[in-house]
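Comments concern the structure below.
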Amino acid sequence: FLEVYPQYLDLAVSKHLRLRHFVTHDDQAEAWPKYVALSPRLLDKLELVLAQLESDRAGSTGQLELEVHSGFRTPGHNRRISGAAKDSRHQYGDAADVVVDANRNGRFDHNDYRLVVAAVEFVERNYPDLAGGLGIYASRRYAKPYVHIDARGRRSRWRG
């Protein structure tokens, strides 16, 4: 666990990711310090996915934009999330729900999540030690289609 204070939220934990991406979104917005569990394996996997997306779109003029909707979750916060698994990987610090403008068109759309899924599959084929979960959340009930990526150590796939 990392103890987090507001002044450290923009601390880089990898090339594209900051500590703020993984701080829980519970209902204690003004409570400090916060605590974060964060797996280096997850960071490695996310960076490899982003590198693959960048190489796939080499020559594109747009910036690769990333949002992490959910990183670490406390068990209490996880219980309040409708449909969340009781043993969610978010509680272990090795999962993130991400939205990436993978095609760099300035929008988050269905084409983006398909590119992210392909990048995750590429990374897991080339780095089998980073095998994990891949969940697709792209129905109309979500404002932006997003992908759950985790580094649980074994392959798992689902649609939410």
Expressed in square angstrom to the nearest 10, the accessible area of H69 with a 1.4 Å probe stands at 70 Å²
Toy charge model, Lys and Arg Cβ at +1, Asp and Glu Cβ at -1: region 22-94 dipole around Cα centroid in debye, rounded to 20, equals 360 debye
Longest principal axis of the chain (C-alpha) makes with the long axis of helix 110-126 (C-alpha) an angle, in degrees to the nearest 10, of 90 degrees
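Remind me, relative contact order of region 65-160 in percent, using alpha carbon pairs under 8 angstrom and six or more residues apart?
Working: 168 pairs, mean separation 24.7, N = 96.
The value is 26 percent.
Give me the compactness ratio for region 66-160, meaning the Cα radius of gyration over 2.2 N^0.38 Å. Each step should come with its number before you reach the end.
On the way: Rg = 13.2 Å, N = 95, 2.2 N^0.38 = 12.4 Å.
So the Cα radius of gyration is 1.06 times the expected 2.2 N^0.38 Å.
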Tilt, helix 40-56 to longest principal axis of the chain (alpha-carbon atoms), in degrees rounded to tens, equals 30 degrees
Expected field for D44, accessible surface area in Å² at 1.4 Å probe radius, rounded to 10, holds 90 Å²
With all protein chains present and a 1.4 Å probe, the order of E3, E54 from largest accessible area down is E3, E54
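Using a Förster distance of 22 angstrom, determine the FRET efficiency expected from the C-beta separation of N126 and D87, and round it to 0.05. Let's see the in-between values first.
Working: r = 28 Å, r/R0 = 1.26.
E(calc), rounded to 0.05, equals 0.20.
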Listed by chain and number, the residues whose amide H is under 5 Å from that of S70, excluding neighbours fewer than 5 places away on the same chain and using placed H, are D97
Of the candidates S139, F108, S55, the farthest towards the positive dipole end of the chain (Lys/Arg Cβ +1, Asp/Glu Cβ -1, centred on the Cα centre) is S139
Length gained, Y142-D27, 0.36 nm per residue minus C-alpha separation, equals 39.3 nm
Sorted list, accessible surface of protein heavy atoms, 1.4 Å probe, largest first, for F22, F108 is F108, F22
Of the accessible area of region 111-160, computed with a 1.4 Å probe and all protein chains kept, carbon and sulfur make up a percent value of 49 percent
Contact order relative to length for the chain, counting C-alpha pairs under 8 Å separated by 6 or more residues, stands in percent at 21 percent
Expressed in nanometres to one decimal, the distance between label points 7 Å along Cα→Cβ at L11 and E47 is 1.6 nm
A correct Stokes-Einstein calculation for the chain, using the alpha-carbon Kirkwood radius, 4 °C and 1.567 mPa s, returns a whole-number D in µm² s⁻¹ of 81 µm²/s
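Would you list T24, T74 from the most to the least accessible area, probe 1.4 Å?
Heavy-atom accessible area, descending, gives T74, T24.
The values are calculated or read from the model by the stated rules, or taken from the named source; none is laboratory data. Computed from a predicted model, the values in this text were never measured in an experiment. In this analysis, Cβ positions are derived from the backbone assuming ideal geometry, glycine residues included, and neighbour counts consider all displayed protein chains. Remember, those area values only see protein heavy atoms, side chains included, never the ligands or the DNA or RNA. Shrake-Rupley method; radii C 1.70, N 1.55, O 1.52, S 1.80 Å.
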